[in-house]
Each structure stands twice: as C-alpha cells, then as structure tokens.
Amino acid sequence: MYSVVAIPGVVPIADSGPGCADKQYTSLAHMSGYQGSGRFGGAIPPSVNATQEEVVFGGAEKLRQLIQASVKVLDGDLYVVTTGCIADIVGDDVGAVVEKFQKKGVPVVYAATGGFKGNNFIGHESIAKAIIDQYVGDYSGEREQGLVNVWAVLPYQDVHWRGDLAEIKRILEGIGLKVNILFGNSCNGVSEWRSIPRAQFNLVISSWYGLSVAEHLNEKYGQPYLHIPSIPIGSLESRKFLETVSEFAGLDPKRTEEFVTSEETEFYKYLEQFSDFYSEYWWGIPSRFAVVTDSSYGLAITRFAVNQLGLIPSLVIATENPPEEYREMISNEFRHISDDISLDLKFIEDGYHISSELKNSAEKPAMIFGTTWDRYVAKELKATVVEVSFPASYEVVLSGSYVGYRGALLFMEKIFTTAISGSA
C-alpha cells in the first residue's frame, strides 16, 4: 500500500481487513525512521475493512461502493486498489469491479497483493506492473533520447528512500539525463508514469527487485534496460555507476567526466580534512563490521566499507527473502567485493536466527549495519549499531541519504559518530 502512497497524487484503496492497512502504517510509516504518512497515507486510505461477512458472502459490492465514494471524496490523480489475503482467498472478482469504473473513465487500477503471495518487494513490483498495464497502457510513439525510468530502492521499506532517490536523480541529471524517478518527493506524479513508454531505457539499480518490471517493459514496449546490482555509495562506486550509465545511454563522455570530476573534487576535500580524525583518533574505531539488511543495500554498504573505508567484513546477511531464481546472481556479487575480499552471503529472514549468526560468527563485529532488532545482540557483543534498514526506531529520517557522493559523506558522519559515542 505504501508503494502507492509514495507516488504523489495517487490514492491507495485497501481491499482488506482493517488490521492489514493499519499494520502498514505503524510499521512502514512509523517504525521505519518515522517517515510519516504524507497526503494519502496514515488514516486517510479508504478500506473495505473486511470482516466475517465479506469472508462468507464476498466483498465485491462493498468494494464497488468504496471506490465510488473514494473518487467522490478524495481528489486523487489515480486510485490503486490493493487486495489483502481475504479478497484473494475468497476469490472476489476485483478486476471485474474495477473494470466497470475504468470503462466510465475513472482512473483506477488494481493489484493482487495478498500477503501469502510475497513480501513488500514482490507487492511493489505487482503494483508497478498494474499501473503500467491498466493506466499507462499501450504506446507506439517515438522514444525520447536521454529520458530514463529509474527502478531502485523500495519506498518506506528503505529508511532513506526519499533522500536516496533524490540523490540518484541529481547525479543522473548531472551527466545529462532526464529522469523519471517515479516515487518520492522528487517525482512529478502520474505525469512521470504516463511518460514511461517514451523513455530511451530503464535503469534497474538493485540486486534483483525491479528486474521483472524492466523485463515486463521490454516485452510491452521493446524498451531496453540496464541492470546495475549495487546502489552507488562513495566516489569509487559512483564513478563506475555514472560511467556505465553514460556509455549505455550514449551520452557525451566529456560531460560525464566533467561532472564526475567536479563531484570527486568536492568529496575528497571533505575526506582530506576527515583524514586527521581517521589516522589520529587513539581511542579505537571499529575495523570489523556485519551487515543485516536487504541484499541491494547490503552489497552497497559492504563495497563502500571495504573499498573506500578499509573496514573488514565479518558477516553479511540478506533479509528480504529474494526469489530462488536470483540468489546465485546475488551471491556472486558478494564473492567479488574486492580483489582480496570474497564473502559467503547468507539469506536469513528470521530475527532469532540472525542473532544466532551474529553471536556465533568467527570474527565478532564491532559495528553492525542493521536494524533496531540487532541492538539486543549488539549489547552482548559490545558492538555498536547503525540502523540502515527496517525496523529503524532509533532513527528519525527526513531527507537523509547514504547514496552517491553527498550521501556517502553523511554515512561516514553517522558511522564514526556512532562509533566514538558508543562508550560514552
């Protein structure tokens, strides 16, 4: 549901029990950096509030009345019906209900997102495809050179997603691209989604999620896509990222180099001044770390910590339960962190087993890039925690980002402030 809230001007309609919608709010909008609900989140989303009556007799008629009332009361540009387990299990024909409104010209679509079909990552892709197929529709016009659709971090699930998407957009525009960022405060709402078919190509910046959307767009519009598994953090990864995108898009390499050089100049000025602290702080800063987050952010953090900060990884755990078909591809990325660092990525969702892995790791980490839940085991290990992933209830996040050049500087501030204040 919060993938819908993340698109400005779009209204979610919950075809579910009341607890499903409420749990989305309290977890993603609240216990994930206190991001807040925005215009159509929180207590605003209309809900069928399915009960035993809908389980026994079906909820199609109630959904029809709800859509009708929602369109009348809430001034949205698009309405997205997301189903919960009840509607999907009892077999309500949600598509037929929505189709009647679509034939009348009402901008409404639906996505089957019952929890038994997968987690937020899977539901996010289902919603994107639903909007593309039912709202954006067919297209046979010209492509716009230099226009790119970005499929990257997961809104609300990624604690820093708003700032991350803004930074990704900034650096892509810096090398000459026009960017459909599609979610967040830097998105122009449904007008961006309408222009998806015009884009020159799709850019997937993640270890796996977003790939099925890009493949769908390739089949539907014949649009090529570029897949970059690691979110760029720091100057090394950002340079590789921008040069790869620039070459794929056929951009002017001189302009790309000028932008990258300008960003690096500013970045390294800060690092030069930071080097006094890094080389002279005598009371101990961490050298070994563990990462507990989704595989995309985990790969990005690990590469930055190893290749740019010189830290040593003890353990990396991917928590988002990626589909089996992508696991070997993801694991292979972690086997090539650097010339002399190869990691055996572990896929674990359960918090108890994650704590056990951390406690029993051969090399105990001094810092954990993880979640609020990892604070318990961190106390036993006398380690510190930087909360980078959901749930993050000891972080308040507005526009902060750990991505790109500027995000990496903020990330370093967070890492070493946490480290030296840990014993206070």
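Quick rundown of the values:
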item: Where labels lie 7 Å past Cα in the beta-carbon direction, separation of residue 144 and residue 31 in nm; result: 4.1 nm
item: Three-way shape label, segment 28-127, alpha-carbon gyration tensor, a/c 1.5; result: oblate
item: Stretchable slack from residue 329 to residue 266, in nm (0.36 nm times residue separation minus alpha-carbon distance); result: 19.2 nm
item: Straight-distance crosslink candidates among lysines, where the alpha carbon sits under 16 Å from residue 178 and sequence neighbours closer than 8 are dropped; result: 169
item: For segment 116-210, size of Cβ-based charge dipole, Lys and Arg +1, Asp and Glu -1, in debye; result: 40 debye
item: 19 Å Cα-Cα reach of residue 382 towards lysines, excluding residues that sit fewer than 8 places from it in its own chain; result: 359, 364, 414
item: Value of relative contact order over segment 273-424, rounded to a whole percent, pairs C-alpha under 8 Å and six or more apart; result: 22 percent
item: Peptides 201-209, 61-69, 89-97, 138-146 ordered by average Cβ neighbours within 10 Å, highest first; result: 201-209, 61-69, 89-97, 138-146
item: Across 240/379; 62/103; 240/346, pairs whose alpha-carbon gap is larger than 31 Å; result: 240/379
item: Residue 386 long-range amide H proximity, modeled H, under 5 Å; result: 368, 369, 370
item: For segment 87-157: relative contact order, % (alpha-carbon pairs under 8 angstrom, 6 or more apart); result: 26 percent
item: Listed residues 124, 30, 336, 227 arranged by accessible area, highest first, probe 1.4 Å; result: 336, 30, 227, 124
item: Answer label for Cα extents along the principal axes in Å (calculated), chosen among [x] 78, 60, 47; [y] 74, 54, 33; [z] 69, 52, 36; result: [z]
item: Interchain or long-range residues, amide H under 5 Å from residue 108's placed H; result: 79
item: Charge dipole (debye, nearest 20) of the chain; +1 at Cβ of Lys and Arg, -1 at Cβ of Asp and Glu; result: 720 debye
item: Heavy-atom accessible surface of the chain: percent carbon and sulfur, 1.4 Å; result: 50 percent
item: Residue-count net charge about residue 258 - beta-carbon cut-off 15 Å; Lys, Arg +1, Asp, Glu -1; result: -4
item: Under 5 Å, built H, 5+ apart or other chain: amide partners of residue 293; result: 317, 319
item: Anchor residue 254: aspartates and glutamates whose Cα lies under 14 Å away (excluding residues fewer than 8 positions away in-chain); result: 243
item: Accessible area, probe 1.4 Å, largest first, for residues 283, 193, 373; result: 283, 373, 193
item: Among 348, 59, 229 - extreme Cα towards positive end, dipole of the chain, charges at beta-carbon; result: 59
item: Simple spin-label estimate for residue 194 and residue 276 in nanometres, 7 Å along Cα-Cβ; result: 5.5 nm
item: Packing-based ranking, highest mean first, of 32-38, 104-110 given that Cβ atoms within 10 Å are counted; result: 32-38, 104-110
item: Three semi-axes of the equivalent ellipsoid, segment 270-381, Cα gyration tensor, whole Å, largest first; result: 25, 18, 11
item: Contact order normalised by residue count of the chain, Cα under 8 Å, 6+ apart, percent; result: 16 percent
item: Ordering of 230-239, 356-365 by packing [mean C-beta count within 10 Å, highest first]; result: 230-239, 356-365
item: Two-site label geometry, residue 77 and residue 116: point separation in nm, points 7 Å out along Cα→Cβ; result: 3.6 nm
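The values are calculated or read from the model by the stated rules, or taken from the named source; none is laboratory data. None of the values given here were measured: they were computed from a predicted structure. Positions of Cβ are backbone-derived with ideal geometry, glycine not excepted, and every protein chain shown enters the neighbour counts. Keep in mind that these areas ignore ligands, DNA and RNA; they rest on the heavy atoms of the full protein, side chains included. Shrake-Rupley method; radii C 1.70, N 1.55, O 1.52, S 1.80 Å.
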